[in-house]
Amino acid sequence: MLKAVIQAFMNLFRPIHTANYPAEPLPLPKAYRGLIEYSEADCIFCDKCEKVCPPGAIIFYQHLNGSKEYRYNPWLCIYCGECVRACPKPEEALWQSETKPLCAGKEEGANEAWFAWEDACRTSREEYAGAKKAAKAAKTAESGKGKE
């Protein structure tokens, strides 16, 4: 017991070896892989990033007019960088930044909102495929009438 008290007293005068984390940001490791950053203006919407993402943290919503909308779930992402490697325009359209991911709280609805978004994306693709098929059938029927 006395030995522990002496050790504790000696530690009062030794230099501190811990990081002053909240006040000073921690230095990032050399090969740090942070959040996925995205530029809609430079994206060609090839969907390669979505296809190679192991946990499915990237998904595209297909609008009926043919445009797509990008969504990224930082709480599902494992920061492997496969999406960046698959991107035909890395450093322009998709890249990993040194930004640290935020912690997800219940308020963000990280899971519920993402699952709803996945369902909406799946439905949007089915609707787009159906609309495209109907347009093709209408075009074929119209060209068939012109020949008669």
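Data for the structure
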{"quantity": "Cα gyration tensor, region 78-148 - rounded (a/c under 1.5), prolate or oblate", "calculated": "oblate"}
{"quantity": "Two-decimal ratio, the chain, of alpha-carbon radius of gyration to 2.2 N^0.38 Å", "calculated": "1.75"}
{"quantity": "Total charge dipole magnitude, the chain, about the Cα centre, Cβ charges on Lys, Arg, Asp, Glu only, Debye to nearest 20", "calculated": "440 debye"}
{"quantity": "Computed over region 10-57, the ratio Rg/Rh where both radii use C-alpha atoms and Rh is Kirkwood", "calculated": "1.31"}
{"quantity": "Neighbourhood charge, 12 Å Cβ-Cβ cut-off, centred on Y70 and excluding it, Lys, Arg +1 and Asp, Glu -1", "calculated": "-4"}
{"quantity": "Pairwise Lys count, the chain - Cα closer than 21 Å, eight or more residues apart or different chains", "calculated": "14"}
{"quantity": "Top of E82, E126, E24 by mean-square fluctuation, Gaussian network on the chain, Cα under 10 Å", "calculated": "E24"}
{"quantity": "Calculated [θ] (222 nm, deg cm²/dmol) that DSSP helices of n ≥ 4 give over the chain, each run adding -39,500 (n - 2.57)", "calculated": "-12500 deg cm²/dmol"}
{"quantity": "Helix axis angle, 110-147 relative to the chain longest principal axis, alpha carbon, degrees", "calculated": "20 degrees"}
{"quantity": "Separation of alpha-carbon centers, region 112-143 and region 28-73, rounded to whole Å", "calculated": "20 Å"}
{"quantity": "Crossing angle, helix 2-11 versus the chain [Cα axis fit, 0-90 degrees, rounded to tens]", "calculated": "70 degrees"}
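Every read-out reported here was derived from the displayed coordinates using simple, explicitly stated rules and does not represent laboratory data. All of these numbers come straight from a predicted model, not from anything done at the bench. Don't worry about glycine lacking a Cβ; one is built from the backbone with ideal geometry, like all the others, and counts go over all protein chains shown.
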